[in-house]
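For reference, the structure is listed below as structure tokens.
The values are calculated or read from the model by the stated rules, or taken from the named source; none is laboratory data. Keep in mind the model is a prediction, meaning the values are calculated, not measured. Here the Cβ positions follow ideal geometry from the backbone for every residue, glycine too, while neighbour counts run over all protein chains shown. The area values use the complete protein model at the heavy-atom level, side chains included, leaving out ligands, DNA and RNA. Shrake-Rupley method; radii C 1.70, N 1.55, O 1.52, S 1.80 Å.
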Amino acid sequence: MIYFDNSATTKPYPEVIESFMKVTSDYFGNPSSLHGLGVQSEKLLSAARKQIADLLKVKSSEIYFTSGGTEGNNLAIKGAAHAQGNRGKHIITTAIEHPSVEDACQSLTRMGYEITYLPVNEFGQIDVTDFKDALREDTILVSVMHVNNEVGSIQPIAEVGKLLKQYPNVLFHVDNVQGAGKVSLSLREANVDLCTISGHKVHGLKGTGILYVREGVRVDPLFHGGNQETKIRSGTENVAGIVALSKALRISMNNQLLYHDKLQQIKTYLYKGLKEMDGVLVNSPEEGAPHIVNFSVPGLKSEVLLHALESEGIYVSTTSACSSKKRTVSKTVDAMYHHSARSESVIRISTTYGNEMEEAKQVLAAIQKIVANLEKIMRVAK
């Protein structure tokens, strides 16, 4: 099996599963309980919070634990909008955000908020001039993803953050689900107020996540209850999952330092090989994230190519895993190229540090063989 669908989810590190099992078995107390078992759990929770804060170079008090990227994005966007709603109701985002950002913003329009969706160029990036022109007196929030989950384009987060320093009343949210552990981002230097990370994208466990909330930023909670996470996210904390998440993030960020060049070499090999292939169009920018290569074979449906690759023991995806079951058109590729045949035949390859060049060679050879065979069948059918 060759697993090249790491942007959908990653396989947990063995050390992560070990940590989860150990904490689940031996430190199962509720961290809010006052007895010894509860105190042990609370200590583990605090230690994980500090480790994550140190990795992200922020304060422990700025780290909040969630169930993943979807909850983190909803809490950041809706929570910030509701907390700042008396100052204005204008939000800026992009045309290629993850559904958890796009739909969260859309839900706010029913409450009187106005959303500006910035277009992207053929490299999947916004123009900072467009962004500056979109800012208004009543703008309260900007939400821009760091690394696009479909094509791997990297947004100019530092430039946006620098510009927003002139607008202290506008909060800046970054969806960093695809960037964490793959593409470096300094939250402090980029002037980020809110940042979302998902555990299962960095070889942690599903159902775990992080929301960074800069000190002094007000966010209204989505859940009300036991006042955990200083009232921002009520609900008994998943201590075992959080400890596992802190370990996963530490290992992934260390692997980024050790194996970034290897990951980039695999991407470059795939990128160039696909570029040279007849009938194939590469959608990802060459200078994008080192772990995502997105391509199209206009005229071939994504699902047909995906299942043909699966029959060879190769696992990839079509659009975002969160939307692949309900639609086959890639909104990101459509926004970049405005080409329906291209956006209807999308395949995403996404790697991680455990993948090898030999796998990439096998995948490229399989794609070439399958595309040639499918195109031959189509010609005969015509």
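In whole Hz, what ³J(HN,Hα) sequence does the range 139-144 give by Karplus (6.51, -1.76, 1.60; θ = phi - 60°), x for Gly and Pro?
Couplings: 6, 10, 8, 10, 10, 9 Hz.
Summarise the accessible area of the range 9-79 (1.4 Å probe, protein heavy atoms) by the percent that is carbon and sulfur.
Carbon and sulfur atoms account for 62 percent of the accessible area of the range 9-79.
Just going by the charge dipole of the range 165-312, with Lys and Arg at +1 and Asp and Glu at -1 on Cβ, which of ALA190, ASN227, GLY209 is farthest out on the positive end?
Projecting each Cα onto the dipole axis, the largest value belongs to ASN227.
Compute the angle between helix 36-56 and the longest alpha-carbon principal axis of the chain, please, reported from 0 to 90 degrees and rounded to the nearest 10.
The answer is roughly 50 degrees.
At a Cα cut-off below 20 Å, give the lysines reachable from LYS43, other chains included and same-chain residues fewer than 8 away excluded.
Reachable lysines: LYS22, LYS59, LYS231, LYS247.
Over the C-alpha atoms of the range 235-307, what are the Rg and the largest Cα-to-Cα span, Dmax, in Å?
Spelled out, the Cα radius of gyration and Dmax of the range 235-307 are 17.8, 54 Å.
Hey, how many Å between the Cα centroid of the range 73-87 and the Cα centroid of the range 191-235?
For the range 73-87 versus the range 191-235, the Cα centre distance is 13 Å.
Using Cα pairs under 8 angstrom and six or more residues apart, how large is the relative contact order of the range 1-115, in percent?
14 percent
Please list, by residue number, everything in the range 255-285 whose backbone N is under 13 Å from a paramagnetic label point 7 Å out along Cα→Cβ of ALA372.
Answer for this model: 277-279.
Express in Å², to the nearest 10, the accessible area of SER33 obtained by rolling a 1.4 Å probe over the protein heavy atoms while all chains stay in place.
40 Å²
The chain: longest stretch without exposed GluC sites (Glu not before Pro) (DSSP loop, at most 13 other Cβ within 10 Å), sites themselves excluded?
1-121
Can you tell me the relative contact order of the chain? Whole percent, Cα pairs under 8 Å, sequence separation 6 or more. Provide the component values of the computation, followed by the final result.
Working: 762 pairs, mean separation 83.0, N = 382.
Across the chain, relative contact order equals 22 percent.
Dipole magnitude of the range 154-212 about its Cα centre, charges +1 at Lys/Arg Cβ and -1 at Asp/Glu Cβ only, in debye to the nearest 20?
140 debye
If you take the square roots of the eigenvalues of the alpha-carbon gyration tensor of the range 136-285 and sort them as a ≥ b ≥ c, do you get rounded (a/c under 1.5), prolate (a/b over b/c) or oblate?
Oblate, since a/c reaches 1.5 and b/c is not below a/b.
I'd like the accessible area for ILE242: 1.4 Å probe, protein heavy atoms, all chains in place, Å² to the nearest 10.
10 Å²
Mind checking which of ASN255, VAL151, LEU75 is farthest towards the positive end of the chain's charge dipole, using Cβ charges of +1 (Lys, Arg) and -1 (Asp, Glu) about the Cα centre?
Of the listed residues, the answer is LEU75.
For Cα pairs less than 8 Å apart in space and 6+ apart in sequence, what is the mean separation divided by the residue count of the range 228-382, i.e. the relative contact order in percent? Numbers along the way, then the final one.
Values: 169 pairs, mean separation 37.0, N = 155.
After rounding, I find 24 percent.
Which of the lysines could a cross-linker bridge to LYS376, judged by Cα under 17 Å and excluding same-chain residues fewer than eight apart?
In chain and number order, the partners are LYS301.
For the Cα atoms of the chain, what angle does the longest principal axis make with the long axis of helix 14-26, in degrees from 0 to 90, nearest 10?
So the helix axis and the longest Cα principal axis differ by about 30 degrees.
I need two numbers for the chain: Rg to one decimal and Dmax as a whole number, Cα atoms only, in Å.
Answer for the chain, Rg first and Dmax second: 21.4, 74 Å.
Whole-Hz ³J(HN,Hα) for each residue in the range 157-173, computed from phi via Karplus 6.51 cos²θ - 1.76 cosθ + 1.60 with θ = phi - 60°, x for glycine and proline: what do you get?
4, 4, 5, 4, x, 4, 5, 6, 4, 7, 10, x, 8, 9, 7, 10, 9
Using a simple charge model, +1 on the beta-carbon of Lys and Arg, -1 on the beta-carbon of Asp and Glu, nothing else, what dipole does the range 42-171 show about its Cα centre, in debye to the nearest 20?
In total the dipole reaches around 680 debye.
Per residue of the range 349-358, in order, report the coupling 6.51 cos²θ - 1.76 cosθ + 1.60 (Karplus, θ = phi - 60°) as ³J(HN,Hα) in whole Hz, putting x for Gly and Pro.
Each residue of the range 349-358 in turn: 9, 9, 10, 8, 5, x, 6, 10, 4, 4 Hz.
Please report, in debye to the nearest 20, how large the charge dipole of the chain is about its Cα centre when each Lys and Arg carries +1 at its beta carbon and each Asp and Glu carries -1 there.
Details: 41 positive and 41 negative charges, 73 e Å.
Charge dipole of the chain: 360 debye, to the nearest 20.
Leaving ligands, DNA and RNA out of it, rank THR268, THR94 by accessible area with a 1.4 Å probe, largest first.
Details: THR268 50, THR94 5 Å².
The most accessible residue leads, giving THR268, THR94.
Leaving out ligands, DNA and RNA but keeping every protein chain, what accessible area does PHE123 have, in Å² rounded to the nearest 10, with a 1.4 Å probe?
Estimated to the nearest 10 Å², PHE123 gives 110 Å².
Give me the number: length gained by fully extending THR236 to THR268, i.e. 0.36 nm times residue separation minus the C-alpha to C-alpha distance, one decimal in nm. Working shown, then result.
On the way: separation 32, 0.36 × 32 = 11.52 nm, distance 4.42 nm.
Roughly 7.1 nm would be gained on extension.
Say each of THR109 and HIS260 gets a label point 7 Å from the Cα, pointing the same way as Cα to Cβ; how far apart are those two points in nm?
Each label point lies 7 Å from its Cα, and together they span 3.8 nm.
Leaving out ligands and nucleic acids, and using a 1.4 Å probe, what accessible area per residue does the chain come to in Å²?
44 Å²
If you average over every viewing direction, what projected area does the convex hull of the Cα atoms of the range 67-181 give, in nm²? It would help to have the intermediate numbers written out before the result.
Numbers: hull surface 27.7 nm².
Projected over every direction and averaged, the Cα hull of the range 67-181 covers 6.9 nm².
Using only the alpha-carbon atoms, how far is helix 239-275 inclined from the longest principal axis of the chain? Give it as 0 to 90 degrees, nearest 10.
Result, in degrees: 20.
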